[in-house]
Amino acid sequence: MSKEDFFSKLNIKDYNNQLENILEGKSFSEGTKNILLNILYKMENAYDDYKKVTVYTKLKKELLEEIIDIVQNYCEKIEIIKPILNKETKLGDKRYIVEKEKNTIISYPNEKWVFYALNHLKDNRFILDSKYSIIKEPMENMLNQGYIMDKEEIIRDFDGWTWNIVPEEIENKKYNLVYKNIKILLGNDFLETCIDNNKTIDLITEFEIKLSEIYNDDEKLDILKLIYQIAIIENIKNNEDKKKNILNTMKELKKELDKMENKKEYLQEIANSKKIIGREIKQIDEKINNNKLLRESFIEENKLLEEEKRIFSLSEYSDILQNKRGDLLKELDEYTKLMKPMNFVKKKSEILKKYELLNAIDFDIDFDTEINGLLIDLQKKFLKLLNEKFKNIQSKKEIVEYIYLFRYYKLIYINDKKQIKDIEELLEEIRNTEKNLITKACKLKAINILCQDIEKNYNLTSKILNYNIIDLEDVSLEFKKHDKNIVLTIYDDDTIEDSIIYDGNEELNVKFNKKMKLFN
């Protein structure tokens with residue numbers, strides 16, 4: 001038993017007591033309180049299976065503490081609505097409603113829906129710096145929704161006995177898949193660090209630094225560009241105003257790039273702008289240092305303003321001028337920096353990067369078609385990076401974890417009907433990645449070699465690794481000869497999971513009519 005498991009078993013009653021104490025101070029009904037306590041129980045009960053399957057996740061105590069924190073600090077009211085046969089409730093066709101500004105949940109009496117709603121109550125976990133104007137909102141939406149769906153999984157897909165993926169309850173499969181890509185590449189601990197420090201760190205820079213530690217620059221930039229494009233398209237696809245804003249931004253970037261092509265004229269324009277700003281600052285200084293001029297300007301300014309927007313006092317007007325002066329000085333400083341050769345090149349590079357990001361998007365075709373194509377491209381890049389990550393595997397324990405992780409990845413839904421393993425355009429990359437993984441696992445003696453022929457051994461083993469059996473180490477295999485064929489029966493403990501018929505000419509490295517383990 002791991003240290004975490006030991007302390008989890010020791011402290012779960014403490015978490016129940018902690019939640020009960022919090023609930024005593026809330027005006028929830030007894031039924032609502034029972035639902036919340038049941039959520040905690042279900043999370044605790046499902047955690048071991050959830051961690052085994054997903055590999056990268058928080059500690060159990062951290063998950064429990066997070067949901068307790070949401071109940072205590074972000075939830076003031078939970079209204080439970082009982083379904084009425086053939087009658088519409090205030091929920092309409094929804095299972096729950098979150099009124100974030102009121103810290104309120106309206107839900108059917110179901111632990112799952114209440115749990116989903118609780119996770120939506122908390123403020124955004126990921127915050128980007130305002131300098132990332134183009135991708136700020138799209139990336140924040142994708143990361144924050146991805147985080148919520150990731151947290152919902154423990155109750156959505158695990159019941160303490162089985163792992164049963166419920167695709168129709170994954171609110172945005174595109175966001176979910178991209179978030180899982182980032183989580184697998186960079187690790188859950190890294191993402192949690194970004195949340196804890198989102199007011200003090202530059203999230204995008206941290207992403208780039210972390211990727212650079214593992215992968216080369218070209219691959220890093222390619223995968224980030226695809227993630228940004230998917231986030232942008234998903235953010236604007238149902239909002240015509242956002243689409244227009246993005247198109248206008250792209251035009252402005254192109255206009256700025258065209259100006260910068262003629263460096264001499266561009267720098268002269270900056271010099272002219274600096275002179276204009278300098279004159280404005282001088283005028284403000286003259287007003288601030290001369291009471292008569294200040295008063296005259298104050299009166300003239302107020303004449304131009306509507307009554308409700310007029311400046312209240314001379315002192316307030318002086319503060320407004322001081323603030324404007326500060327803004328102008330900042331603008332002047334930016335222009336001065338931009339006139340330096342290195343800063344000019346850097347600025348041009350940044351604008352070009354933003355323009356190329358947007359220009360690569362086809363705004364004239366169906367956005368769902370565009371996103372699906374980008375998602376496929378992203379998965380190809382992702383699998384290439386994952387192969388790089390697998391090269392560093394040294395231990396038996398590590399290879400087993402990665403087998404679980406890759407099995408989990410293959411079973412992620414990319415759309416309403418298909419999982420990653422079902423996407424024809426990805427089959428070659430999946431095969432190459434998994435073949436490398438299985439070959440390395442055999443060399444490290446983590447799994448048994450079923451066939452001496454590497455290709456046939458891969459074909460046998462990979463099929464076994466497609467099942468959503470929670471504990472792969474509990475899987476038993478039994479090979480039997482039947483006429484000219486071989487029948488493989490796959491057991492999860494003592495329960496038959498499936499039977500597969502193979503050509504009798506397979507050169508197997510197994511004993512017939514006897515159960516064996518796949519994992520050593």
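What follows draws every value from the coordinates through simple rules; no lab data is involved. Treat the numbers as computed from the prediction; the structure is a model and nothing was measured. Reconstructed Cβ throughout: ideal geometry from the backbone, glycine too, with neighbour counts over all protein chains shown.
List the longest stretch of the chain that has no exposed loop site; here a site is one of the chymotrypsin sites (Phe, Trp or Tyr not before Pro) assigned by DSSP to anything other than H, G, I, E or B, with at most 12 other Cβ within 10 Å. Walk me through the numbers on the way to the answer.
Numbers: sites that count: 161, 312.
So the longest stretch without any such site is 313-520.
Relative to the first principal axis of the alpha-carbon coordinates of the chain, what is the inclination of helix 203-214, with its axis defined by its Cα atoms, in degrees from 0 to 90 and to the nearest 10? Relative to the chain, helix 203-214 is tipped by roughly 40 degrees. Report, to the nearest 10°, how far helix 454-464 tilts away from the longest principal axis of the Cα atoms in the chain, using its own Cα long axis and a range of 0 to 90°. Tilt relative to the chain: about 80 degrees.
Among the GluC sites (Glu not before Pro) in the range 285-334, those placed in a DSSP loop whose Cβ has at most 12 other Cβ atoms within 10 Å are 306.
Sparse packing (at most 15 other Cβ atoms within 10 Å of the Cβ) combined with a DSSP loop state is found for the following trypsin sites (Lys or Arg not before Pro) in the range 461-520: 484, 511, 514, 515.
For residue 391 and residue 195 in the same chain, what is the full-extension length gain: residue separation times 0.36 nm, less their Cα-Cα distance, in nm? Walk me through the numbers before you get to the answer.
Details: separation 196, 0.36 × 196 = 70.56 nm, distance 2.92 nm.
Taking 0.36 nm per residue and subtracting the Cα distance, the gain is 67.6 nm.
Shape class for the range 449-507: oblate, because the ratio a/c of the largest to smallest gyration tensor axis (alpha-carbon atoms, square roots of eigenvalues) is 1.5 or more and b/c is at least a/b. Net length available on complete extension from residue 315 to residue 485 is 51.7 nm, with 0.36 nm assigned per residue and the Cα-Cα distance removed. From largest to smallest, the equivalent ellipsoid semi-axes obtained for the range 1-123 from the alpha-carbon gyration tensor read 28, 16, 13 Å. With all pairs of different alpha carbon atoms counted, what Kirkwood hydrodynamic radius in Å does the range 91-206 show? So the Kirkwood estimate lands at 15.5 Å. If you take the square roots of the eigenvalues of the alpha-carbon gyration tensor of the range 393-454 and sort them as a ≥ b ≥ c, do you get rounded (a/c under 1.5), prolate (a/b over b/c) or oblate? Because a/c hits 1.5 or more and a/b exceeds b/c, the range 393-454 counts as prolate.
So which GluC sites (Glu not before Pro) in the range 62-164 are both in a DSSP loop and have at most 10 other Cβ atoms within 10 Å of their Cβ?
On the way: sites: 62, 65, 66, 76, 79, 88, 99, 101, 111, 140, 152, 153; in loops: 76, 88.
For GluC sites (Glu not before Pro) across the range 62-164 that sit outside H, G, I, E and B with at most 10 neighbouring Cβ atoms in 10 Å, the list reads 88.
Shape index of the chain: Rg/Rh, with Rg the Cα radius of gyration and Rh the Kirkwood radius from the inverse mean 1/r over Cα pairs, equals 1.07.
Proximity of backbone amide H atoms, modeled 1.01 Å from N, is registered between residue 419 and 414 at under 5 Å, excluding neighbours fewer than 5 places apart on the same chain. Against the longest principal axis of the chain, how steep is helix 314-338, in degrees 0 to 90 to the nearest 10, with axes from Cα atoms? For helix 314-338, the angle is close to 60 degrees.
Exposure proxy shown here: for 149, 516, the number of other Cβ atoms within 10 Å sets the order, fewest to most, as 516, 149.
Exposure proxy ranking for 258, 377, based on other Cβ atoms within 10 angstrom of each Cβ and starting from the fewest, stands as 258, 377. At R0 = 60 Å, how high is the FRET efficiency between residue 30 and residue 290 if r is their beta carbon distance? Nearest 0.05 is fine. Working from the Cβ atoms, E equals 0.25. Counting beta carbons within 10 Å around each of 26, 445 and listing the fewest first gives the order 445, 26.
Taking θ as phi - 60° and the Karplus parameters 6.51, -1.76 and 1.60, the scalar couplings of the range 244-252 work out to 4, 4, 5, 5, 5, 4, 4, 5, 5 Hz in sequence order, x denoting glycine and proline.
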